[in-house]
Amino acid sequence: MTATSTLESPTNYCELPSWLQECMLKQQSDQADEHIDLICRAFNLAFELHKGQYRKSGEPYIAHPVAVASLLRDLGGDDVTIAAGFLHDIVEDTEVTPEEIEERFGADVRQLVEGVTKLSKFNFSSTTERQAENFRRMFLAMAKDIRVIIVKLADRLHNMRTLEHLKPEKQQRISRETREIFAPLANRLGIGRFKWELEDLSFKYLETEDYNQIKALLSERRDDREARINKMTEVLRSRLNKLNIKVLELKGRPKHLYGIYQKMQRQNKEFDEIYDIAAVRIIVEKNEECYRALAVVHDAFKPIPGRFKDYIGLPKPNRYQSLHTTVVGLNGRPLEVQIRTMEMHHIAEYGIAAHWKYKETGSSDTQINSDDEKFTWLRQLLDWQNDLKDAQEYIDSLKDNLFEDDVYVFTPKGDVVVLAQGATPVDFAYRIHSEIGNHMKGVRVNGRWSALDLPLTNGDIVEIITQNNSHPSLDWLNFVVSPTARNRIRQWFKRSHRDENLARGRGLLEKEMGKTGMDALLKSEPMQITAQKCNYQSVDDLMAALGYGEITQNQVVNRLREVIKEQQPVEKITEAEAIANLTSEVNTEVTAPAKGSKSPIAGVEGLLYHLAGCCKPLPGEAIIGVVTRSSRGISIHRQGCNNVEKIPGERLVPVNWNPIDEYGRPLTYPVDLQIEAIDRVGVLKDILSRFSDQNINVRNAGVKTTRNKPALISLSIDIRDRQQFEYTINRVKNMSDILNIRRVSQGDS
Ligand code: MN
C-alpha cells in the first residue's frame, strides 16, 4: 500500500494520520471518488516536491503540510481546502508554478495556494495596534476566498506548535505576530479552538515565566478542582434528567491559560483571586432547552447577580452563541457555567468553518459558495465605523466601501492604505497627502516604475516619487477614482493654473464669438454684468472658470446676449417728447463695412444701407430693414413705422443695432446738429461741456455769427443711442442761451 511505502522511505519518514492512510487505501482499491482522488494527488505531489527538505526540528518537511491538512480536515474543510493544505508551501519552496497547480488540481486549489503564498510574504514586525487591525482587515479583504485565511491559520498554528526548534528572536517575532494578527483573526472568524491555542502558544513564548507559573498552579490544583467540579456536574446531570432535558455533554474544563493571565492583568489580581479558572459546559439539543437548563442551574446553585449573559438572544459579532452564568460553587467560590446547543458549540469551536460541518454533503458545495452569505458574514466581522477619522471619510466610505471593493496597499514604510477598487497611484498619493499628489512625478510599484493610471492591486508596495516642480495633469481626472483626489486636483488647477485657465477660457470664447474685438469685449460693461450674473467676481474669474470647465462657452455667450438685450431700452420714446424740434429729414447713407468687421447695424454687412427719413431710427430702438427698389440698398426703419406696415414681408430683413464696434467700443452714430444761441462769450464752450459730460465725442464744431442775429452753431457729434441723445439734447436745450436746436441731415445747412 502506498501509505506504507511512504512510511518506509528513509529520507522522508513521517507518520501519516489514519484519515490520510484511509484515503490512500481507497484510492488504491479504486473506491476513491473525485474528492479523495484530489486529496491523494495533492499529498503525493507535496510528498515528491518536499523530498529531501527538512524542518528545523529535523523532521522531513512533508510533516508540516500533512499536519496543516489534518488541522483543516478537523475543521471540516473540503477536498480543495485539504489539498491546498498539502500544497501551501510548494510555490514558495519548489519550482512549481501556479499554472501547473491549476492544471493538475483546478483553479480553486491554485487560488488558495497563491493566496496563502501571498500572505506569507508580509513582514508584520513592529506593528502598532491600529496597523495590526489594518492587517487583519487586509487579510480578510485579500482573501476573496475565506478558505485562504483558514489555511493560513492552520499553517500558523502548526508552526506555533513546533516553534521550540527556532531561535529565540524568531520565536519572539513569530509569537508577537501570532498574538497581534492571527489569534484575533481566528477570533474574528469565530474559530475558538484556533484562537485559544494560538494565544496560549504565543503566551508561552512571550511571557514564559507567567505562562509556566499559571500552568503549574493549574495542574497543582487539578485533582482538587476536578473532584469539586465532578460533584457539581453530577448534581446538574440528575436534575436535568429529571426534567427530560437530554444532555449531550456536561463537563468542566479549565479556561485557557492566556485568558486567565489576561484576567489577572486586567483586574490586577493573583491567580488565587481569579475565581472562574474553570467553567462547566452544558450542551443540550434544542435552543429552548438552554433556557430550561439555565433554570435548573440557578435552582441548584446560587447565581451571582449581574453575571448572566444571553448570547443566544444577542450573539457576539463572530456569531458566538451561548448562555453564560456564574453561580456559587460547592467550595463557596464562583464558577462559570456555559449552556449551548451542539450547533452553537460547533460555531464556537469552528466559527466560519462550522458551515463546512453543517453542510456535510461530501461534495464541493460544502464550501461557502454564496457570495452573499460570505460577504454578509464577513462584513459583520468588521466594525468599520471604528476606523473612520472624520465625516468626509465616512461619507466617502459609504460610497465605496463595499467590502470586496477595497484594495489594500502599503507605503514603503509598511503602513497599510485602504483604497477603493480601481484606485491608481495618483489616488494613493493624494490619500497620503495633497502635497505628495500635487508634486507627484512618478511611482514605483513593488520596486518597479509603473504608469500613474495603472490600478493598484492588493499587497502592492507603492512608492511615490515627488519633485518640486512637478504638478498635476488635467488628464489625471480621467482615471482617478477617489473623490478626494478628484477634488484636490481640481483645486490645484483652480489655484495654480489661473493664467492657463484664463487663456483657455478666452480661446473658447473666441471660438464662439470671433477673435476680433475680444480684448474690448472682455473689458466691456455687458461682459462684466455677465460675469456677475454667472456668479463670478470678475470677467477674469469667469474666463478662468470657462477654461477650467466649470462653465461652458454656450452658457457664457447666452448670458451675454441676454445682458445686451436687457441693456437696450425697450420703451418707445414718443415723437413729441424726443426731438420735437429736430424736424429735418434724416437721410444718412452709409455703406456698411465689409463682412467680418462690425458695422453699426448687424444684418447688413457689406451692403449699402441708409436710415429711413420717415421714422428716424436711433440706436437702441427696435429696427427692421427694408430692401428698396432704388439703388439705395437697405432702408432701416423703426419697427412699427407706418411705412413699413405697407411693405410686403419678402422685402423685410431682420436687422439689429450692434452694441459695440470691432474695438469693443460702444458703437456710435453720427448726428449733425444746428443750434441757434444768444451770442455771448463762452457759449460754445458751455454747450460742448454738456456733450463731454456725457462722453459724447464732438467731431466738428463751427460757429457763424451775424450782428444782431443769434449765433448759428453747427456740431457733428457721435451718439450711442436715442436715450443718450435725448438726454443730452434736453440738457443743451435747457440752457438759457439756447434758442433752437435741430437735427440736420448730412450736407444740410
Ligand atoms: Mn507552511
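Report, by residue number, each residue of region 79-108 that is more than 14 Å from the ligand (Cβ to nearest atom) and either in contact with a Leu (Cβ under 9 Å, 6 or more places away or on another chain) or not assigned by TED's automatic domain parsing to the domain that holds Gly192 (or both). Please lay out each step first, then the result.
Pass one, region 79-108, residues more than 14 Å from the ligand (Cβ to nearest atom): 79-83, 95-108.
Correct list: Asp79, Val80, Thr81, Ile82, Ala83, Glu95, Val96, Ile101, Arg104, Phe105, Gly106.
Return only the number of the condition from (1) in the same structural domain as Ala429 (by TED's automatic domain parsing); (2) at pLDDT 85 or above; (3) in contact with a helix residue (DSSP H, G or I) (Cβ under 8 Å, 6 or more places away or on another chain) that Leu546 does not satisfy.
Of (1) in the same structural domain as Ala429 (by TED's automatic domain parsing); (2) at pLDDT 85 or above; (3) in contact with a helix residue (DSSP H, G or I) (Cβ under 8 Å, 6 or more places away or on another chain), only one is false for Leu546: (1).
Going by what's in this entry, would Gly332 be described as in the same structural domain as Lys231 (by TED's automatic domain parsing), without any contact (Cβ under 8 Å) to a residue 24 or more places away in the chain and under 19 Å from Pro254 (Cα atoms)?
Yes, satisfied.
Can you tell me which residue is surrounded by the most Cβ atoms within 10 Å (Cβ to Cβ) among those in region 304-316 that are closer than 22 Å to Lys286 by Cα and either in contact with a strand residue (DSSP E or B) (Cβ under 9 Å, 6 or more places away or on another chain) or not basic (Lys, Arg) (or both)?
Initially, region 304-316 is screened for residues closer than 22 Å to Lys286 by Cα, giving 308-316.
Those left that are additionally either in contact with a strand residue (DSSP E or B) (Cβ under 9 Å, 6 or more places away or on another chain) or not basic (Lys, Arg) (or both): 308-315.
Values: Phe308: 15, Lys309: 15, Asp310: 15, Tyr311: 17, Ile312: 20, Gly313: 9, Leu314: 8, Pro315: 16.
That would be Ile312.
So which residues in region 482-536 are acidic (Asp, Glu), surrounded by 14 or more Cβ atoms within 10 Å (Cβ to Cβ) and more than 27 Å from Glu562 (Cα to Cα)?
Correct list: Glu500 only.
Please tell me if Glu550 is in a loop (DSSP other than H, G, I, E, B), without any contact (Cβ under 8 Å) to a residue 24 or more places away in the chain and surrounded by 14 or more Cβ atoms within 10 Å (Cβ to Cβ).
Yes.
Residue under question is Lys152, and the condition is that it be farther than 24 Å from Asp33 by Cα and either at pLDDT 95 or above or within 14 Å of the ligand (Cβ to nearest atom) (or both); does it hold? Don't jump to the end; show me each part of the working.
Working: farther than 24 Å from Asp33 by Cα: yes; either at pLDDT 95 or above or within 14 Å of the ligand (Cβ to nearest atom) (or both): yes.
In short, yes.
So, Ala429, is that one surrounded by 14 or more Cβ atoms within 10 Å (Cβ to Cβ) and either on the phi > 0 side of the Ramachandran plot or touching a residue at least 60 places away in the same chain (Cβ under 8 Å) (or both) or not?
It is false that Ala429 is surrounded by 14 or more Cβ atoms within 10 Å (Cβ to Cβ) and either on the phi > 0 side of the Ramachandran plot or touching a residue at least 60 places away in the same chain (Cβ under 8 Å) (or both).
Which number in (1) within 14 Å of the ligand (Cβ to nearest atom); (2) more than 22 Å from Ile150 (Cα to Cα); (3) modelled with pLDDT of 90 or more; (4) not hydrophobic (A, V, I, L, M, F, W, C) marks the one condition that His64 misses?
Of the numbered conditions (1) within 14 Å of the ligand (Cβ to nearest atom); (2) more than 22 Å from Ile150 (Cα to Cα); (3) modelled with pLDDT of 90 or more; (4) not hydrophobic (A, V, I, L, M, F, W, C), the odd one out for His64 is (2).
Would you say Arg561 is farther than 25 Å from Ser434 by Cβ, of a type in the set (Lys, Arg) and at pLDDT below 85?
yes
For region 10-49, which residues satisfy the criterion of being outside any helix (DSSP H, G or I), surrounded by 14 or more Cβ atoms within 10 Å (Cβ to Cβ) and at pLDDT below 90?
Matches in region 10-49: Cys14, Leu16, Ala32.
The values are calculated or read from the model by the stated rules, or taken from the named source; none is laboratory data. In this text the structure is predicted, and so the values were computed from the model without any measurement. For neighbour counting, all protein chains shown are included, and Cβ atoms are generated from backbone atoms with ideal geometry for every residue, glycine included.
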